[in-house]
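One structure is given below, encoded as structure tokens.
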Amino acid sequence: MSVLTAASDRSVCAPLPVLGRDVTVPLVTGGEVTYAALDYAASAPALQRVWDDVAAYAPYYGSVHRGAGYLSQLSTDLFENARRTVAEFLDCRADDQLVFTRSTTDSLNLLAAVLPAGCQVFVFETEHHASLLPWQDAEVTYLDAPRTPEQAVATLERALADRDPHGPALVCVTGASNVTGELWPVRELAAAAHAHGARIVLDAAQLAPHHPVSVQDLDVDWVAFSGHKLYAPFGSGVLAGRADWLREARPYLAGGGASRKVTRRADGGVDVEWHESAARHEAGSPNVIGAYSIASACKALTEAGFDTLVARERYLIEKVREGLADVPEVRFLSLFGDDAPRVGVLSFVVEGWNSSHFAAALSAEYGIGVRDGLFCAHPLVRTLLGSDPQTQGECGAPEAAPGEKSLNAIRVSFGAGTPDEHVDRFVAAARELVRDGAKWNYRTEDGRCVPAV
């Protein structure tokens, strides 16, 4: 029995309420339609629950860790309670630190800034740029893309076996690919890292919104993720994990909040005593609303139940795959194979179509928002496409003739707030575009394909 049939008894939960679910957008062919947001992998819409919580707090906004007034004390309690809520959501160890940052990118750059001297870093070429690029000042080993989870573990073990066993080392790995949605063998990679005296950081930006993330069960040393993927507003993120490297390094940013005591020296200089807690890397006025919104999203997802959310997501994944199974022009991208476990992220190419043209037509003619390009994971997408770095062609012409290699891809992604109708509309629109072509003319403007006026 297919997932679609299994879901027909309504055992799969309804989507969670999100902002923008009733927004309408104009079509170039005339009229308006409810917008189908299918780019969750870039930024998920905020949960209505999160927005309501933020709105309820907003009148009580006050400075944090600095004021004696009631609102300042309230905001400070809110901020620190949010830290505890997120730590519980991640199942952190009792002595772990949780630092609020701006994003996953900011979190991993923070970790890169506190690496011990001589630290070796091992990272697969399949990573998002947020976890591929921050290690430029360290001794980095980039690992080739594996084609099975077992190969990923074996590749890492071989690389770690050749390193200096007496020096510090860090492995960086994604939990779920932002290109293919495939789940990575994090627990096995963590075991391999620790067996060779290395630590591991998990990029959970795509994993945390879709699956439970337990620091202790996965046995990772750090985890990083972003609020804007987790149904919270932009501008907030988390780095949680081992305290020692964070405590021993210079603050990521120098300023108020990170310092415990500052004194002038007789020679005119300044001596600084830095905090040893998470505050050491949270200089400046913190994003209290961002931290609170992440905590609210953590509560909402926990209460909804990840078992139920995962079941619904699998149902939507199968809707897409089965709906396009008989369209030979559509080819889905994967490292580990079509049957590999994945979150609600699917990338594909359409034979004879420029990816930017296809995505633009979905938006302009059907009111469907997807993503096209290389998804801030250029080495991975080029490996999957088998293409060399090139400039995208004009959107009005096919990107690649039949049998030729595509240069970019199209990504459809969804999550806890996606209704069935949005996925059904996408499948119908994709089939219609492949069969009949676009109804409108398009041109390239500033590197993007847009409807020709």
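Restricted to region 154-175, and to residues there that are over 22 Å from the mean Cα position of the chain (by Cα) and surrounded by 15 or more Cβ atoms within 10 Å (Cβ to Cβ), the residue that is farthest from LEU202 (Cα to Cα) is ARG163.
This table checks each residue for (1) surrounded by fewer than 17 Cβ atoms within 10 Å (Cβ to Cβ); (2) modelled with pLDDT under 95; (3) in contact with a helix residue (DSSP H, G or I) (Cβ under 9 Å, 6 or more places away or on another chain).
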{"position": "ASP91", "(1), (2), (3)": "yes, no, yes"}
{"position": "ALA94", "(1), (2), (3)": "yes, no, no"}
{"position": "GLU125", "(1), (2), (3)": "yes, no, yes"}
{"position": "ALA138", "(1), (2), (3)": "no, yes, yes"}
{"position": "LEU143", "(1), (2), (3)": "no, no, yes"}
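Against the numbered list (1) under 12 Å from LEU407 (Cα atoms); (2) touching a strand residue (DSSP E or B) at 6+ places or on another chain (Cβ under 9 Å), SER334 comes up short only at (1).
Would you point out which residue out of ALA37, ALA41, ALA82 is at pLDDT 95 or above and touching a Pro at 6+ places or on another chain (Cβ under 8 Å)? Matching residue, one of ALA37, ALA41, ALA82: ALA37. Checking each residue in region 189-240 for being among the small types (Gly, Ala, Ser) and closer than 22 Å to ALA169 by Cβ picks out ALA190, ALA191, ALA192, ALA193, ALA195, GLY197, ALA198, ALA204, ALA224, ALA240.
Name the single residue, out of those in region 199-219 being of a type in the set (Asp, Glu) and outside any strand (DSSP E or B), that is nearest to ARG382 (Cα to Cα).
Across region 199-219, the extreme among qualifying residues is ASP219.
Tell me which residues, restricted to region 118-140, are out of contact with any Pro (no Cβ under 8 Å at 6 or more places or on another chain) and either more than 27 Å from VAL153 (Cβ to Cβ) or not aliphatic (A, V, I, L, M) (or both). Write out each step before concluding.
Step one: of region 118-140, the residues out of contact with any Pro (no Cβ under 8 Å at 6 or more places or on another chain) are 121-123, 127-131, 133-140.
Matches in region 118-140: PHE122, GLU127, HIS128, HIS129, SER131, PRO134, TRP135, GLN136, ASP137, GLU139.
Can you spot a residue in region 165-172 that is under 30 Å from VAL320 (Cα atoms) and touching a residue at least 60 places away in the same chain (Cβ under 8 Å)? Among the residues of region 165-172, not one is under 30 Å from VAL320 (Cα atoms) and touching a residue at least 60 places away in the same chain (Cβ under 8 Å), which makes the answer no. Among the residues examined, ASP307 does not qualify as within 29 Å of THR126 (Cβ to Cβ), at pLDDT below 95 and among the charged types (D, E, K, R). Only one entry of TYR315, TYR366 meets the criterion of being over 27 Å from PRO212 (Cα atoms), outside the structural domain of ALA258 (by TED's automatic domain parsing) and touching a residue at least 12 places away in the same chain (Cβ under 8 Å), and that entry is TYR366.
Being within 17 Å of VAL343 (Cβ to Cβ) and either buried (at least 21 other Cβ atoms within 10 Å of the Cβ) or among the β-branched types (Val, Ile, Thr) (or both): is that true of SER226 here? Steps first, answer last, please.
Details: within 17 Å of VAL343 (Cβ to Cβ): yes; either buried (at least 21 other Cβ atoms within 10 Å of the Cβ) or among the β-branched types (Val, Ile, Thr) (or both): yes.
Taking the combined requirement at face value, the residue satisfies it.
Of the residues making up region 316-354, those that are small (Gly, Ala, Ser) and either within 20 Å of GLN206 (Cβ to Cβ) or in contact with a helix residue (DSSP H, G or I) (Cβ under 6 Å, 6 or more places away or on another chain) (or both) are GLY323, SER334, GLY337, ALA340, GLY344, SER347. When you look at LEU38, is it surrounded by 15 or more Cβ atoms within 10 Å (Cβ to Cβ) and closer than 25 Å to LEU362 by Cβ, yes or no? Answer is yes for this residue.
The values are calculated or read from the model by the stated rules, or taken from the named source; none is laboratory data. These figures come from a predicted structure and were not determined experimentally. Because the Cβ atoms are built from the backbone with ideal geometry, glycine has one as well, and the counts that use them run over all protein chains shown.
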